[in-house]
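Values in this text are rule-based calculations from the coordinates and carry no lab data. Just so it is clear, the structure is predicted and the values come from calculations on it, not from any experiment. Reconstructed Cβ throughout: ideal geometry from the backbone, glycine too, with neighbour counts over all protein chains shown.
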Amino acid sequence: MQRVLVAGGTGFLGRAFVRGLHGRGARVAVLTRNPAGAGSLGLPAEYVEGDVRRPAALARAMDAVDAAILSVQFPGYPVEAPARGRTFMEVDARGTAALVEAAVEAGVGKLVYLSGVGADPGSARTWYRAKGLAEASVRESGLAHVIVRPSWVYGPEDRSLNRFIALIRAIPFVFPQLGDGSGRITPIHVDDLADLVCEATLGAAGDGLTLEAGGPDVLSLDDVVRTAMTALGRRRAILHIPEGLVKLAAACVERLPGQILSRDAVDFATQDGIADSDLARGRFPAFRPRDLATGLAAYVSRA
């Protein structure tokens, strides 16, 4: 029985990975800053204390681990809080590098890194650059590894698409869409992503590869909203709010305490994210993600 550590296992993606691994018979450990608090999640896992911003104890946390899934995010993601160390470079880039170094020291056999479509160490956008640098750390580790680059991930516990659903329910007549709604994505249900990640972790079919992972349809952000409206049985006009106005407001509030909004987060929310899943489907024939309408119908109520 393989023992798998999930760094970021208390988050939206990580929880799905933990459940998927457990269902496949793996022993799962979750790396968390607060093991006592994480226990309230009821995950089928043991909890191991560790913080990527304090790397000295990470190797001990990875003792007797066969494989590690690296999926850490900072609280408030994607709105950064530099004063608290909550940035893409601090957590995604340097935090992942610390995890990789600890895995090498502890003799972990395999790494699976959750990156993102568009990752590039030379990108002008800090989130793409941080993910690209993290990928480089994984590739240069000398360990067996798989890199998975998902598109926009949704599911019953996500904070992105469910915010759209809440707005559709709460506001009559119109839906306030950030920007012109033209950004294109390939939404993937979290359980479909978890199936791919778990199979790549426990088997060897993806070793050494970078796998993009998205749903079957390329949709604009307006298409996503319309699909959500159909799932809810509601009709709303889409009111596009110019990005410039939102960024002007973000420039004011990003200086306030708390992670409310930032100009970078506006760009993050409106960017393209199209995954080419051909390689993933070729290596993992069972990987056939559901379309957005089917995925939403499974958990969105018309009530």
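In the range 65-77, how many are of a type outside the set (A, V, I, L, M, F, W, C), surrounded by 17 or more Cβ atoms within 10 Å (Cβ to Cβ) and either within 22 Å of residue 160 (Cβ to Cβ) or touching a Leu at 6+ places or on another chain (Cβ under 8 Å) (or both)? Please lay out each step first, then the result.
The first filter runs over the range 65-77 and keeps only residues of a type outside the set (A, V, I, L, M, F, W, C), leaving 66, 71, 73, 75-77.
Remaining after also requiring surrounded by 17 or more Cβ atoms within 10 Å (Cβ to Cβ): 66, 71, 73, 77.
Then drop every residue that is not either within 22 Å of residue 160 (Cβ to Cβ) or touching a Leu at 6+ places or on another chain (Cβ under 8 Å) (or both), which leaves 71, 73, 77.
The total comes to 3.
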Which listed residue, of 52, 28, is aliphatic (A, V, I, L, M), under 13 Å from residue 8 (Cβ atoms), crowded, with 17+ Cβ neighbours inside 10 Å and free of Cβ contacts under 8 Å to residues at least 40 places away in the same chain: 28
Residue within the range 127-146 that is at positive phi, touching a residue at least 60 places away in the same chain (Cβ under 8 Å) and not in a strand (DSSP E or B) present: no
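Is it the case that residue 274 is within 22 Å of residue 118 (Cα to Cα), among the β-branched types (Val, Ile, Thr) and in contact (Cβ under 8 Å) with a residue 12 or more places away in the chain?
Working: within 22 Å of residue 118 (Cα to Cα): yes; among the β-branched types (Val, Ile, Thr): yes; in contact (Cβ under 8 Å) with a residue 12 or more places away in the chain: yes.
The answer is yes for residue 274.
Is it the case, given these coordinates, that residue 279 is in a helix (DSSP H, G or I), in contact (Cβ under 8 Å) with a residue 40 or more places away in the chain and either out of contact with any helix residue (DSSP H, G or I) (no Cβ under 8 Å at 6 or more places or on another chain) or among the aromatic types (Phe, Trp, Tyr) (or both)? Let's see the steps before the verdict.
Values: in a helix (DSSP H, G or I): yes; in contact (Cβ under 8 Å) with a residue 40 or more places away in the chain: yes; either out of contact with any helix residue (DSSP H, G or I) (no Cβ under 8 Å at 6 or more places or on another chain) or among the aromatic types (Phe, Trp, Tyr) (or both): yes.
Against the criterion (in a helix (DSSP H, G or I), in contact (Cβ under 8 Å) with a residue 40 or more places away in the chain and either out of contact with any helix residue (DSSP H, G or I) (no Cβ under 8 Å at 6 or more places or on another chain) or among the aromatic types (Phe, Trp, Tyr) (or both)), residue 279 qualifies.
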Residue satisfying all of: in the range 116-125; within 20 Å of residue 152 (Cβ to Cβ) and over 16 Å from the mean Cα position of the chain (by Cα); surrounded by the fewest Cβ atoms within 10 Å (Cβ to Cβ) among these: 120
Of all residues in the range 148-168 being of a type outside the set (Gly, Ala, Ser) and surrounded by fewer than 13 Cβ atoms within 10 Å (Cβ to Cβ), the one that is nearest to residue 41 (Cα to Cα): 159
3 or more residues over 18 Å from the mean Cα position of the chain (by Cα) and more than 19 Å from residue 196 (Cβ to Cβ): qualifying strands (runs of 3 or more DSSP E) within the range 1-115: 46-49
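Looking at the structure I just gave you, is residue 194 touching a residue at least 60 places away in the same chain (Cβ under 8 Å) and over 22 Å from the mean Cα position of the chain (by Cα)?
Working: touching a residue at least 60 places away in the same chain (Cβ under 8 Å): yes; over 22 Å from the mean Cα position of the chain (by Cα): no.
No.
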